[in-house]
Every structure is written in C-alpha cells, then in structure tokens.
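Okay, structure first, notes after.
The values are calculated or read from the model by the stated rules, or taken from the named source; none is laboratory data. Values in this document were obtained by computation on a predicted structure and should not be read as measured data. FYI the Cβ positions are ideal-geometry reconstructions off the backbone, even for glycines, and counts take in every protein chain you see. Each accessible area value is taken on the protein alone, full model and side chains, heavy atoms only, with ligands, DNA and RNA left out. Shrake-Rupley method; radii C 1.70, N 1.55, O 1.52, S 1.80 Å.
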Amino acid sequence: MALSVSDLPAMYSLLSNSLSGDVALRKPAESTLAQSENMPGFCSCLMEVITAKDLASQTDVRLMASLYFKNSINRYWRNKRDSSGITNDEKSHLRQKLLSHLREENYQISLTLAVLISKIARIDYPKEWPELFSVLAQQLQSSDVLTSHRIFMILFRTLKELSTKRLASDQKNFAEITSQFFEYSWHLWQTDMKTILNGFSSLTQITNSNASENHQDELYLTCERWFLCSKIIRQLIVSGFPSDEKSLQEVRPVKEVCPLLLKAIQSLLPYYSSFGEHHLKLFEFIKRACTKVMKILIAIQTRHPYSFGDQNVLPLVMDFCLNKITDPEPEIMSFDQFLIQCMSMAKIVLECKEYKPIMTGRVVNENVVTLEQRKKNISGAVAGVLSSLLPNERVVLLCNVLIRRYFVLTSNDLEEWHQNPESFHHEQDAVLWSEKLRPCAEALYIVLFHNHSQLLGPVVVSILQEAMSGCPPSVTDMTSGLLLKDAAYGAAAYIYYELSNYLSFKDWFDNALSLELTNDHPNMRIIHRKVALILGQWVSEIKDDTKRPVYCALIRLLQDRDLCVRLAASRSLYFHIEDAAFSQQEFSDLLPVCWKLSFKLIEDVQEFDSKVQVLNTISVLIAYVGDIIPYALELVQFFQKSWEESSGESLLQIQLLNALKNFVVALGYKSPMCYNVLLPVLVSGLDLNSPDELLEDSMQLWEATISNAPSMVPQLLTYFPSLVDILERSFDHLKVAASIIEGYIILGGTEFLSLHASSVAKLFDLVVGNVNDKGLLSILPVIDVLIQCSPSDGPQLISSTLQKMMVICLTGDDRVPTSTAVKASAAAILARILVTNTNFVGQLGSEPSLLMLLQNAGFPVGENILLCLVDVWLDKVDNVNYIQKKTFGFALSIILTLRLPQVLDKLDQILSVCTSVILGGSEDATEDESSDSMSSSRPQFPSKEFRRRQMKIADPINQLSLENSVRENLQTCASLHGDAFNTAMARMHPAALAQLKQALKMT
C-alpha cells in the first residue's frame, strides 16, 4: 500500500516519537518507520516534512526525516529484484522537489540533502536526470549568498561522486560538466576573493564589536562559499581534463588558476596572526583555506605535471614553498599544517618523474617528433627551471634548515613521547609522515638527499661531526647540543645507502654509538632510540667483525626502560634477522634472552601497530634462527595467549597466522607438539563465517600443517570437506588448495580416500572445466598424484573429471603456451592410466557421457578416440618432462598391441618417440642422484616432500624398463599384423631404424 499526503500527520508523529527519550514511544516509532522504508510514497512523505514551511522551526524532526530519506535512497533507489523499490513516477517527483528546495537554512539538513542529490546523480545522471546541472546553473545566476552556497554544496558533492566513475562515457560527461561550470565558478571564486580581502581589511579597522560581529557573520558565509568554490575548481581541473602526463595536451586552466591560488594564500596569510584573538571563526577559516589551497595546488601538480611545470606556475609555487620552509615569518612557525603542505609540495616536485631529464637518444635523420621526444623536451625544460630554482647554495641551506630546525625534537614532541611512546614510535611510518611536521621534514630531506647526494653527503657528515663533538656520550642534560645530535643521528640514519661513501660505520659504532649505550641516564632515551634506528637502517653496511657487537647492542636496547626505544630495537632486529648476511652463529647464544624480551614487549605494548610489528620480529626469528625446539613450549604458550587476545582483530590474526605457519615449518616433523593451539586456530580460520581476509592465511597455515605432518591425525581428516565449501564459493585460493589436496592424498593414503573419496571427486570435477589454463596447471599435477597413489580405484573415482580432460586433449585449442602445457599434462595423465590401468581407458572411451561431451565440443563423430589420443601423445612429447615422456613411451608401446590396422600407419612415429625417450635418458637424473646422495647423509623424517620422493622412486613408470616393453610389444605387433607389419617397418628411414636397434639392443 502506497503512502500519500493523508499520511503526513502520522509520519510527523512517528519521526517526533523516534526522537523521544521515552523508550515506550521511541521503539514502536523506529520499528514502524523501518517497516515503511520500502513502501511507495515513503520518501515523498519525508520530503514534504523536510520542506514544510510551518515545520521550519522543527529542526530535529526535519533532520531525522532527511536521514531516513538518505537511508532509503541508498537502499531502494536502484531497482532490485527482491524489493519494490521506488517507482519511476515517485523518483521523478523527488528529483523535481529536491531542485525546488535549494535554499535550506539549516546547514546539517542542507548537507544531508546535498549528499542525497549526489547519490541519486551517480545513478540517474545524465540518462534520467539530464536537467540537473542546467537547473543548478540557472539558479546560480540570480541567487543570494545563502542559496548559492547551498548550490555549491550540491555541486561539490555531486562532482566528487561523478568523478569516481571510470567509464569513458562517464568521463566524457564530466568533461562536458566542466566546460559548463568552470568559467562561472572561476569568476565567482575571484569575485568572492576580492570581497573576502576587502572584508578582512575592513574588519581590522572596525573598533565597534557589535558592528564587527554583524559584518563577520555575513562575510563568513561568503568565505564558506569561496571555500566550496575552491574545492569545485579542484574537482573540475583534476577530473574534467585528461592527465597531461599521458595526453601531453596543455591544460589551459592550470596556468590561469594556479598563480591566483598562490596569490590567495599570500593575501590571506598576513591575517593569520591579526585575527587569532579577535575573530576566531575567520582565523579558523584562514587556517583551513591556506592549507586547502596548497593541497589543491598539490592535486593539480600530481594530475597535470607538465602544465604545472610552466614558467608561470612552477617557479612561483616552488619558490614560495621553499621560502616558507627556510625563512618563515615568526607567526607561520606555529602553523604546522600549512608548513606540512609546503614541504609536501616541495617533495612531490623533487621526486616527480616527469621533471627528471629523460636519458634516451634520438634516431638519426628522424623528422617526426615522437611522443617520447616531446616528453623529453618538456622534461628537459622543467628540469632546467628546477635547476635554476635550486642552485647548490639553496640546496645546502634547505638541507641545513631541515636538520637543524625541523628534525630537532620540541618540548611538545617530548611530551607526546612521554604520554604515548607507542604512537610516537609509529609517527615516522609511511602512513603518517604527511600528518606531522617533523616526519614530513624527514621525508622531504630523504628526497632532497637522493637528488643531490654528492653535494649533500659531506654536508651531512659535517653536521654529524659538529653535533658529536659538541655533545660527547657522557652529556645527559637536555641541551640544544643533545637535541642537535639526535637530529643529526636521524639525518645519518635515513640516507645510509649514500652516506656510507663518506662515513665508516665501524668507526662510528666503535667510537660513538656503542659508547652511547653505556649511559643509562633517562634523558639518553632519545639518543638510544636513534642508535636503534641507525643499527637497523645501516644493516647492509655492518660487516662480519661488527655483527656480534651490533647484535648485542640490539639486545641491550630491547632491555631499555623506554617502550619507544624497545620498539625501535625490535624493528631493527627484524631487519638484521631477515638480512641475507644474518649470522646465526654470532646470534645463537643471544636467542634465549631475545625470545624472552620479545614476548615481554608484545605483552607491554597496547596499540595494534605495535603488536603487529613485534609479531613480525617474532615471526622472522622463528623462520631464520635454526633450531626452534628448545623454545617450542614458550612459543606454544605465546601463540595460545596471543590468539585468545586477538579476537576481533583480523589484521592482527593474519600476522599471527603467518608467524604460526613459520613455527610449523620450523618444527617440521615435530609440529604435532603445537597441535593443541594450531588445530583450534585452523578451525576458526577456515570457518566461512569468519572474515574473508583470514581465509588465505588460514589456508597457507593448513597447507604448511599438512606438508610437515609426520602422520595423519583424526582432526586433520575432519577438516577436508571445508575445502569443498571454500572452492565452491571462489577459486581465489586454488593454488594453495591444490597443494592441500595433494598433501592429503600423499599423507592420508587409502585411509583418507576411503573417508573423503566423494569430496575429492567433487573438488576435481568442480575445478576442471571451470577454471582457466593457470588454474588447470595447478590442479592437474594433483590428479596425477592421485593416479600414482591409487592406480586401480583412482581413475574410477574421478571418471567425470577424466572425461573433461579427454575433451581438453582431443578438442582443446593450444595456440598459446599455457594451453599447450594443459593439453600435454592432461595427455600425460591419460597415458599413465593406460599404462597402469589399461582396461579403464577403453571403458572411459565408450562412456555415452564422454561421447556427448566430445560431440558438443565439435569432435568428429566416428573417430577412434584412442587413436586420436595417440596423435596427441606423439605431438606433445616435446612439451613434457622426462617422466611424462617415459609415460608417453609406455602408452605408445601398449598401442602397438592393438588389433587395429591404423596402428601401422603411425608405427614409424611411435617407434621414433620411444627410441628418443630410451636413448635420451633421464634429464633430471643428475639432480635426483645429487639430492638422494645429500639426503642419504642425514636422517629422513616423514614429510610431504619426503613421501613425494619415495612415491617417485616407487613409481612403476620409473622402475619399469621402456626398452623391454617396446621390444616385447613390437614382437606382439609383428605377430598380429604379419606382412603388413614388415611393410610398415620397411618404410622406416634407415637412420631411424638403426637408432631403434641401438635403443632396443637388437643386432
């Protein structure tokens, strides 16, 4: 039943009651509103409540109506099969009503309506709502400040929504909107800027507080409109034109807009200090405006680097930013967010690849200027502009200012460190560098040094030496010298890859860094943190004679009283253990205390990022330190406790799963000692109701468990059906799933197959025929393993899958390498079945279901399936490994015994393949022998790999003599076909016949 105007009083009452503090009123009202959401007319009733003039003062009810309206649009605007949705007539009515109610005085309601219009526009524009932008444009021409502000709110939200659509048609629509709105928006922006600056100038001269306040309210609305207009201009320039980096087409508005955006910042900044006390709202606006406009300049540079690199844009912006960084006015020194944007702009310009000279030549006498040549010309010109902006003395000055001013810890930094050492430790991470001034300065410094390493290397060493000589290791007072040394240590840590040319790490460590650690004064924590950072960053420069002292230093730092220092040490320890040159021998006796300190640290930290970081260190310790058994009990207890405490933290659980996998691999055949914690973790991770992100890592852990299990345990057997559920939902994890299936077949043997034969058959049938070549190449080797392990029952079990493989072999397209590999692998499996279960292939070939599949795939009716399969074996023999070649040889040898005259037509090809396989020998025999000789010198423990080697050794294909088989079957063929056989043999080339006799040792 549809709602109508007569339902408005009831709708108002329901909305009013839903706001009531009385539960008896609120709950029934909320329930009724929820049940009415998908009824026709519901949104129209809400719209009437929102726009009713007599309800203008009922802000809370109207706001609630707008929220219900927005929720209904999100759920029901798109027509869905399972709901009636909103009718087309009602949609048309709502679109008209929304555009007739633009002058909404309540800001929160107007914001909700703007979001609502943008959501509808994403679905309906331009097909169902072509007039949207023309109506908004028309209303703008003759509107007051409030209405135009509301229209710009709508425009900004809608443009933001439409800019995320990526189809070519959508981008074309956006370009048309840009051409329609850009000029008007830009003109209004400039007009409002003049109004704002005149207003600010007047405010500084007004002494009457009442007059000032009245003027300020009106001016503030213009400021907000200008702010919205700025964001719209950004959206139009960034999304309304193709990136000039790809098109090389100049984006004209960039040259027009950017200088004036910069001028706006320059005009607003002087009011930053004068408005601080007297005009708080406008002071906050100036902070937002200057920061936002600099962000807009950054966005434009990122999207259109070549247009931004123009002589009239880049030098102005870059010079301004560099001056603000190196020589800011006193009041700007406290304006962190603005300085961060200046540094961010300098950083992206310095690392912009489009501004680097392109070192490629040009073809001699080439008249046509290629796209690459045009890029080279533009890049060369911009690189020249940058060089003139950054002469050597300015680069050195910038480097000095960054280190000596911005790297130095402030009293606020030290207070933050004291209050929350974990957050302080993580602020340097990539995610956070652009949010705080000091990490942002460090990021800019790294790029600057990378661009000018030869110039700045000696400069940084000089600052380091100055700081160290001015503050020896014995100094503990929190002096400017100590803070400068901390800053210099940071500067040296971040650019180790270049600084190692100018500084000997061994000398630095022996004469300074190691001595710093002997001083336990509380103030030394800031130096200890930097020492920990240096030891991790300089890992590649730490040679054998210094490794042991460095490992001991890190263990000492892990024992520090300060949590920030311990976290820094843990991270650096991670880098050392993961390093290719990590010395287990030098570290082995430190392991017990290292485990103890790592477990203690993960207990002491509270933040998610900290737990993940320490867990990563524990994980690499498990993976790289060798014998884990002495610490296994402690680790089991650690995993038990950590998993229980990680409930609900799926990202943390992912790290735990990865660490647990490393633990299982490290334990190897002793892995059952951790099953009491491992198996419950597996159960929860493989639950389809658990978060998707856990599934992949849970399957990796499952695979490691099966691969390292010495024997099958009942619990592991019960988990196997979960694999069917997982693959029925998605093939995303097929590769690891294939390894798990293989592990179960090899480990579980007949016991496993007797319990889960139907699941195995279902899995193979699910995959084969439903995945691409890459997926098939994951699963076919597993099918081969099943046939090896169960040659008599296996083929019957997966008969349906084998029929699909037969179709692949006989009709599959193999014009690409992956398809060739699939066809060859499938053919090798069918050849194996012919060798080990000869009768089954005949049964398979006569199955009506197979014949139907082949017919549907275009296989000629009446063709002999087995003989066609022979053609595939002959054709694909060069696309398989040695064992598969030998399998083909055995299969072809068996074909010789068939009473089919067509066999003689293929006799010379069959014998040629068999000869080449016999005389070719094993291509990987040397590798097998070497691995066997290596493995024989150490005890063999049951594992998937060990059992796979045993299976390979026991494989009949490996053990039987192809030479004997061919010789015997050739005799059978001769007796079957008599003179016809002799005639066929006579057709063989003499050289081929000679090789055959050599292979079969025939005289």
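For residues in region 499-523 being of a type in the set (A, V, I, L, M) and closer than 24 Å to CYS564 by Cα, which is surrounded by the fewest Cβ atoms within 10 Å (Cβ to Cβ)?
It comes out as LEU515.
Starting from region 319-332, take each residue that is without any contact (Cβ under 8 Å) to a residue 40 or more places away in the chain and list its partners that are open to solvent by less than 20 Å² (accessible area, probe 1.4 Å) and of a type in the set (Gly, Ala, Ser), counting only C-beta distances under 7 angstrom and pairs at least six apart or across chains.
Qualifying pairs under 7 Å: CYS321/ALA346.
The rows are residues; the columns are (1) free of Cβ contacts under 8 Å to residues at least 12 places away in the same chain; (2) touching an Asp or Glu at 6+ places or on another chain (Cβ under 9 Å); (3) β-branched (Val, Ile, Thr).
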position: LEU830; (1), (2), (3): no, no, no
position: THR838; (1), (2), (3): no, no, yes
position: LYS876; (1), (2), (3): no, yes, no
position: ILE895; (1), (2), (3): no, no, yes
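Taking the stated definitions as given, is ASP319 surrounded by 15 or more Cβ atoms within 10 Å (Cβ to Cβ), at pLDDT 85 or above and on the phi < 0 side of the Ramachandran plot?
In short, no.
Can you pull out the residues in region 265-282 that are part of a loop (DSSP other than H, G, I, E, B) and among the aliphatic types (A, V, I, L, M)?
LEU269
Tell me which of these SER711 doesn't satisfy, since it passes every other one: (1) touching a residue at least 12 places away in the same chain (Cβ under 8 Å); (2) open to solvent by less than 40 Å² (accessible area, probe 1.4 Å).
(2)
Is it the case that region 79-89 has a residue that's at pLDDT 85 or above and surrounded by 19 or more Cβ atoms within 10 Å (Cβ to Cβ)?
Taking every residue of region 79-89 in turn, none turns out to be at pLDDT 85 or above and surrounded by 19 or more Cβ atoms within 10 Å (Cβ to Cβ).
If we keep just the residues of region 831-852 that are assigned to a helix (DSSP H, G or I) and open to solvent by 70 Å² or more (accessible area, probe 1.4 Å), which is farthest from GLY794 (Cα to Cα)?
It comes out as MET852.
Might you check whether a residue that is under 22 Å from GLY470 (Cα atoms) and crowded, with 21+ Cβ neighbours inside 10 Å occurs anywhere in region 538-546?
No, every residue in region 538-546 fails to be under 22 Å from GLY470 (Cα atoms) and crowded, with 21+ Cβ neighbours inside 10 Å.
Quick check: anything in region 662-672 of a type in the set (Lys, Arg), touching a helix residue (DSSP H, G or I) at 6+ places or on another chain (Cβ under 8 Å) and buried (at least 19 other Cβ atoms within 10 Å of the Cβ)?
No: region 662-672 contains no residue that is of a type in the set (Lys, Arg), touching a helix residue (DSSP H, G or I) at 6+ places or on another chain (Cβ under 8 Å) and buried (at least 19 other Cβ atoms within 10 Å of the Cβ).
Within region 1-42, restricting attention to residues that are of a type in the set (A, V, I, L, M, F, W, C) and in contact with a Lys or Arg (Cβ under 9 Å, 6 or more places away or on another chain), which residue is farthest from HIS101 (Cα to Cα)?
LEU19
What tally of residues in region 502-512 results from selecting those that are in a helix (DSSP H, G or I) and small (Gly, Ala, Ser)?
Final tally of qualifying residues: 1.
Look at MET699 and say whether it is at pLDDT 90 or above, in contact with a His (Cβ under 6 Å, 6 or more places away or on another chain) and of a type in the set (A, V, I, L, M, F, W, C).
yes
Could you please let me know if ASP562 is open to solvent by less than 50 Å² (accessible area, probe 1.4 Å) and acidic (Asp, Glu)?
In short, yes.
Being out of contact with any His (no Cβ under 6 Å at 6 or more places or on another chain), farther than 26 Å from SER792 by Cβ, open to solvent by 10 Å² or more (accessible area, probe 1.4 Å) and polar (S, T, N, Q): is that true of GLN902 here?
Yes: the conditions hold for GLN902.
Are there helices (runs of 4 or more DSSP H) fully within region 154-264 with at least 2 residues that are among the polar types (S, T, N, Q) and either exposed (fewer than 14 other Cβ atoms within 10 Å of the Cβ) or in contact (Cβ under 8 Å) with a residue 60 or more places away in the chain (or both)? List them.
Fully inside region 154-264 and qualifying: 168-205, 209-239.
More than 20 Å from LYS356 (Cβ to Cβ) and either out of contact with any strand residue (DSSP E or B) (no Cβ under 6 Å at 6 or more places or on another chain) or among the hydrophobic types (A, V, I, L, M, F, W, C) (or both): which single residue out of LEU322, LEU280, LEU314 fits that description?
That would be LEU280, the only listed residue that is more than 20 Å from LYS356 (Cβ to Cβ) and either out of contact with any strand residue (DSSP E or B) (no Cβ under 6 Å at 6 or more places or on another chain) or among the hydrophobic types (A, V, I, L, M, F, W, C) (or both).
Let's see how each residue does on (1) of a type outside the set (A, V, I, L, M, F, W, C); (2) surrounded by 15 or more Cβ atoms within 10 Å (Cβ to Cβ); (3) in a helix (DSSP H, G or I):
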position	(1), (2), (3)
MET699	no, yes, yes
GLU703	yes, yes, yes
GLN715	yes, no, yes
LYS735	yes, yes, yes
ALA738	no, yes, yes
ILE741	no, yes, yes
ILE745	no, yes, yes
GLU751	yes, no, yes
LEU766	no, yes, yes
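Would you check if LEU448 is under 23 Å from ARG571 (Cβ atoms), out of contact with any Phe, Trp or Tyr (no Cβ under 8 Å at 6 or more places or on another chain) and crowded, with 20+ Cβ neighbours inside 10 Å?
When the stated conditions are applied, LEU448 does not pass them.
For region 674-697, what are the residues that are hydrophobic (A, V, I, L, M, F, W, C) and open to solvent by 70 Å² or more (accessible area, probe 1.4 Å)?
Listed by number, the list holds a single entry, VAL683.
Is it the case that region 542-553 has a residue that's farther than 30 Å from GLN637 by Cβ, in contact with a His (Cβ under 6 Å, 6 or more places away or on another chain) and in contact (Cβ under 8 Å) with a residue 40 or more places away in the chain?
no
Condition check: at pLDDT below 90 and under 18 Å from SER778 (Cα atoms). Does THR811 satisfy that?
no
Which ones in region 415-449 are of a type outside the set (D, E, K, R), over 22 Å from the mean Cα position of the chain (by Cα) and farther than 16 Å from ILE340 by Cα?
Scanning region 415-449 gives TRP417, HIS418, GLN419, ASN420, PRO421, SER423, PHE424, HIS425, PHE449.
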